[in-house]
1. Output the residue which, of all residues in segment 229-267 that are free of Cβ contacts under 8 Å to residues at least 40 places away in the same chain and in a loop (DSSP other than H, G, I, E, B), is farthest from N198 (Cα to Cα).
2. Mind telling me which of the residues N225, N198 ends up being in contact (Cβ under 8 Å) with a residue 24 or more places away in the chain, more than 24 Å from L147 (Cα to Cα) and either loosely packed, with under 13 Cβ neighbours inside 10 Å or hydroxyl-bearing (S, T, Y) (or both)?
3. Could you list, in sequence order, all residues of segment 281-337 that are surrounded by 15 or more Cβ atoms within 10 Å (Cβ to Cβ) and hydroxyl-bearing (S, T, Y)?
4. List, please: which pairs have Cβ atoms under 7 Å, are six or more places apart or on different chains, and start with a residue in segment 90-102 that is in the same structural domain as D16 (by TED's automatic domain parsing) and end with one that is buried (at least 20 other Cβ atoms within 10 Å of the Cβ) and acidic (D, E)?
5. Look at segment 113-166 and say how many of its residues are charged (D, E, K, R) and assigned to a loop (DSSP other than H, G, I, E, B).
6. When segment 33-59 is examined, which residues are found to be surrounded by 23 or more Cβ atoms within 10 Å (Cβ to Cβ) and within 18 Å of the chain's Cα centre (by Cα)?
7. On the given criteria, is D189 touching a residue at least 60 places away in the same chain (Cβ under 8 Å), farther than 20 Å from H116 by Cβ, among the acidic types (D, E) and out of contact with any strand residue (DSSP E or B) (no Cβ under 8 Å at 6 or more places or on another chain)?
8. Can you say whether A205 is buried (at least 18 other Cβ atoms within 10 Å of the Cβ) and at negative phi, as far as the supplied structure shows?
Amino acid sequence: MTQRDINILAIETSCDETAAAVVRNGREIRSNIISSQIEIHKLYGGVVPEIASRKHIEKINQVIEEALRVADIALEEIDAIGVTYGPGLVGALLVGVAEAKAISFATNKPLIGVHHIEGHVSANYIEHKELEPPFLCLIVSGGHTHLVMVKEYGEYEIIGKTRDDAAGEAFDKVARAIGLGYPGGPKIDRLAREGNSNAIVFPRAHIEGAQYDFSFSGLKSAVLNYINSMEMKKEDINRADVAASFQAAVVDVLVTRTIMAAKDFDMKKVAIAGGVAANSALREAMANACRQNALDFYYPSPVFCTDNAAMIGVAAYYEYIKGKRSGLDLNAIPNLKIGER
């Protein structure tokens, strides 16, 4: 007897992308619709939470309708609704959660609250059908830098995390300091290709007694101090060299910690996830390091690194088949920790 297909409608509104997707059987993306607000927030040099929430309200119904249309599926054929309920901006999260609860109530379909970061990890399953737990995943985004052991679908153990700034946050702050604007990550990635990554020696932080943890605030301060000292001496600043040297410092720390943890915990598979996982220097350095250490390396395409609903649908599918359900009392939890429910 063949198993029937499971179709998940997924909704993601944790920050400034309004997204909806239809995912079949956890690995097949029937549709993945993203309405980005990046052009609006560029005007302010970063995401303005109030504006993000209002834009989600304007776009959410259109995005869901488009996701169903592209997937060529009716709402009645959906088996469950998955939605990001944290972490993220509370107002933005509330829009998606309220929408998902309304659809769940109106259609009498199960509701599944999904952890945003678990969604990022699950993005790796989309294009790597052979990937299954256990594996080690480096999660790098604007708000998170975590080293996580993925023990089973939906089961995680954090073995390292940032003590201060997330890697993506450092990228944004340094980009602003050298006049690149928002969003910082892709702009530094592009500019760094024109620079010399050995031109300036920036620090790599090591945390005593926590060898898998990260710290980027000292690196960020070192870049700002370098810029200030050059300006005081009235010397020209080579922005490409600053971008390349800063990026090299971040990538070096991310890669060395990840490979060390993979060896120490005897993990044969390494994955990366989150917005910064789209960084070309990180992908290249991690691929080389994994090759040298006989580790299998997995990473999502850039569209699945940034916020999207397809990854939420994948995570929701694995929760669904485990029998996990959320009630209509599901609420947004802006500072939700990975592994929490």
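1. In this case the residue turns out to be D266.
2. N198
3. Scanning segment 281-337 gives Y298, Y299, T306, Y317, Y318, Y320, S326.
4. G96/E12
5. Selection size over segment 113-166: 6.
6. I33, A52
7. Details: touching a residue at least 60 places away in the same chain (Cβ under 8 Å): yes; farther than 20 Å from H116 by Cβ: yes; among the acidic types (D, E): yes; out of contact with any strand residue (DSSP E or B) (no Cβ under 8 Å at 6 or more places or on another chain): yes.
The answer is yes for D189.
8. Numbers: buried (at least 18 other Cβ atoms within 10 Å of the Cβ): no; at negative phi: yes.
In short, no.
The values are calculated or read from the model by the stated rules, or taken from the named source; none is laboratory data. Just so we're clear, the structure is a prediction, and the values are computed from it rather than from any experiment. In this analysis, Cβ positions are derived from the backbone assuming ideal geometry, glycine residues included, and neighbour counts consider all displayed protein chains.
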